[in-house]
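To keep things clear, I will list the structure first and then write my remarks on it.
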Amino acid sequence: MQFDFRRAAMLSISHAKENKDTMIGEKEIADFWETHPCGESASGSNLQDDYETFFRTYDAWRYQKEAHIPACLDQIDFRGKKVLEIGLGLGADSEQIIRRGASWCGLDLTKGSVDRVLARFEVRNLPYDTIKVGSALDIPFTDNSFDIVFSHGVLHHIPEACPAGNPSCTQA
Ligand SMILES: C[S@@+](CC[C@H](N)C(=O)[O-])C[C@H]1O[C@@H](n2cnc3c(N)ncnc32)[C@H](O)[C@@H]1O
């Protein structure tokens, strides 16, 4: 991925300073995602009932709708690479990246997402390095410690990173 996330975040923070009074706060955003888990309603299945069915149904729906994602992932050599994924949702892409041989770390703003991804890893016996609750705006990992940073469908949900008029947002 050619996108320079850190530069976009820095650019956006300067926009954010200008728009501070009108911008929705990170706590409200986290509350939204905690109460509306990404993609969950699309699955048509209930996480409480049967994890395996839940993730299978969700992934089939997701990759039928967004078949370009696995196709794009296939173009990246993840084998042996240290990968940080930001904004995990239900962890469908996390699983794809791990199955392609990455040494995977994940970060999401919500505990709900992290718990769901951990449930996926457990039921499917997937290996991973670290998973944390935290923000893309204050990444709790050491600088320059990853070969690849992957984030899909996240940046445009972060007001600091994507205020109206920031051209970086169309490239995410
Ligand atoms: C639209 S979902 C996308 C999830 C997944 N990447 C996908 O494509 O299905 C957005 C995810 O990003 C997370 N998120 C939102 N703001 C974030 C932030 N500032 N830092 C890290 N994660 C964030 C949300 O909790 C949610 O899990």
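Which of rounded, prolate or oblate describes the range 94-158 when judged by the alpha-carbon gyration tensor and an a/c cut-off of 1.5?
Oblate, because a/c is 1.5 or more while a/b does not exceed b/c.
Tell me which residues come under 5 Å, amide H to amide H, from residue 150 once H is placed; ignore anything under 5 positions away on its chain.
Amide H neighbours of residue 150, under 5 Å, 5+ apart: 84, 85, 86.
What are the ³J(HN,Hα) couplings of the range 124-137, residue after residue, when phi is run through the Karplus curve with 6.51, -1.76, 1.60 and θ = phi - 60°? Round to Hz, x for glycine and proline.
Karplus-based 3J(HN,Hα) across the range 124-137 equals 9, 6, 9, x, 8, 8, 8, 9, 9, 8, x, 10, 4, 8 Hz.
With a/c under 1.5 counting as rounded, go ahead and sort the range 78-126 into rounded, prolate or oblate using the C-alpha gyration tensor (a ≥ b ≥ c being the square roots of the eigenvalues; past the cut-off, prolate if a/b is larger than b/c, else oblate).
It is oblate, given that a/c is not under 1.5 and a/b is not larger than b/c.
Only the coordinates and a few stated rules stand behind these numbers; no lab work does. Remember, it's a predicted structure, so these values are computed and weren't measured experimentally.
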